[in-house]
Amino acid sequence: MTTPTPTGFSRRHVAQALGAALALGLTPAWSANASAPWPTQTVRLVVGFPAGSSPDLTARALAEPLAKALGQNVIVENKVGAGGNIAADFVAKSTDGHTLGLMINGNMTIARILNPKVPYDPLKDLAPISLIGKAPLVLAIPASGPGVVPGQTAAEWLSQAQKAGDKLSYASPGVGTVAHLGMELLKTKAGIAPVHVPYPGNPQIITAMLGGQVQLALLPPAMAAAQVRGGKLRAIGASSTGRSPVAAEVPSLSEIGVKDYQLEIWNAVAAPASMPAAVASKLSAMVSDIVRAPEMRARLFQQGWQVVGSSPEGLRNRIESDTKALGDIIRSQKIEVN
């Protein structure tokens, strides 16, 4: 005699139904068998930003050596929108077993804190694979224009900014971005009060700064460095606790009097949460080895990244710590994205 299940079907009937589903190929693409070969087809590396953006350049740098290590093609696919959250949601909901994401820290930490309507939960729906690189942001101002005094030191500029209050304005790539949250934190730590003006991206921010529409912004190191070398911008300080290797010529903000201020941007590889731990560990080791190789390390350094590499556990720890730290800023400043 068979034992009835709560639905009225016997265990034999359930087994028969599962067997039929297996015969039809209706199995999750991530095999439950950890020893099963993987990958068995082309791997997609999804990026939430357009071609030529920093995440896109990193993904394309990673794709070729990862393909060699896996023995399968790796293609980069751009799914642009919502600050990278469209791509992150696509990865989280992928079921083909061969979709990965190249993501920035905002997509993997605070997305749902900023907007409860975001359709994925970073902590539950994504499997951390490996950190790739990290970097501080650089507080930059125009090299000339209204309010800029030639020869003025960084500390002197900070003193002037404190007196200016809301007469200054700052730019960010959008509400809820790390640059926006970082500036809101800087306002409390440095005693300044510039008004936020969001822009679509960093190229538009630089144009606005050079045109005198805004007076300061937190920029990725590589982008800031190019403008500083061209004599168009000045670097006031970096959001690191000490000198960062990717912005070694820029003093940390703590060096010019901003105490207890630290903020980093980072990028990482993630997968759907359904990825088996054995596959995640295999991928993590591969990605870490690839980015730590001298040639790749140098390539990413030129893009403005200090290479990290990590285990899935290491990345998860970073996600959890950043979710708390950035979440505290969001809640204290009552920042929302609708």
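The values are calculated or read from the model by the stated rules, or taken from the named source; none is laboratory data. Note that the structure is predicted; figures quoted are calculated from it, not measured. Neighbour counts run over all protein chains shown; Cβ positions are idealised from the backbone, glycine included. Just so you know, the surface numbers come from the protein's heavy atoms only, side chains and all, with ligands and any DNA or RNA stripped out. Shrake-Rupley method; radii C 1.70, N 1.55, O 1.52, S 1.80 Å.
The table below lists the values:
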{"item": "Which numbered condition Ser240 misses (of (1) assigned to a strand (DSSP E or B); (2) in contact with a Pro (Cβ under 6 Å, 6 or more places away or on another chain))", "result": "(1)"}
{"item": "Filtered residues of the stretch 142-175 (kept if modelled with pLDDT of 90 or more, open to solvent by 50 Å² or more (accessible area, probe 1.4 Å) and under 30 Å from the mean Cα position of the chain (by Cα))", "result": "Asp166"}
{"item": "The stretch 41-63 residues that are part of a loop (DSSP other than H, G, I, E, B) and surrounded by fewer than 22 Cβ atoms within 10 Å (Cβ to Cβ), paired with ones that are of a type in the set (Asp, Glu) and at pLDDT below 95 (beta carbon under 7 Å, 6 or more apart)", "result": "Pro50/Asp56"}
{"item": "Qualifying residue in the stretch 85-107 (condition: part of a loop (DSSP other than H, G, I, E, B) and of a type in the set (A, V, I, L, M, F, W, C))", "result": "no"}
{"item": "Qualifying residue in the stretch 223-235 (condition: assigned to a strand (DSSP E or B), open to solvent by 50 Å² or more (accessible area, probe 1.4 Å) and closer than 24 Å to Ala248 by Cα)", "result": "yes"}
{"item": "Residue match in the stretch 201-211 (condition: open to solvent by 10 Å² or more (accessible area, probe 1.4 Å), of a type in the set (A, V, I, L, M, F, W, C) and assigned to a helix (DSSP H, G or I))", "result": "yes"}
{"item": "Members of the stretch 67-79 found to be touching a strand residue (DSSP E or B) at 6+ places or on another chain (Cβ under 8 Å), surrounded by fewer than 21 Cβ atoms within 10 Å (Cβ to Cβ) and of a type in the set (A, V, I, L, M, F, W, C), listed by number", "result": "Ala67, Leu70, Ile75, Val76"}
{"item": "Residue within the stretch 126-141 that is out of contact with any strand residue (DSSP E or B) (no Cβ under 8 Å at 6 or more places or on another chain) and either in a helix (DSSP H, G or I) or open to solvent by 20 Å² or more (accessible area, probe 1.4 Å) (or both) present", "result": "no"}
{"item": "Any chance Ile104 is open to solvent by 10 Å² or more (accessible area, probe 1.4 Å), touching a residue at least 12 places away in the same chain (Cβ under 8 Å) and closer than 28 Å to Ile236 by Cα", "result": "yes"}
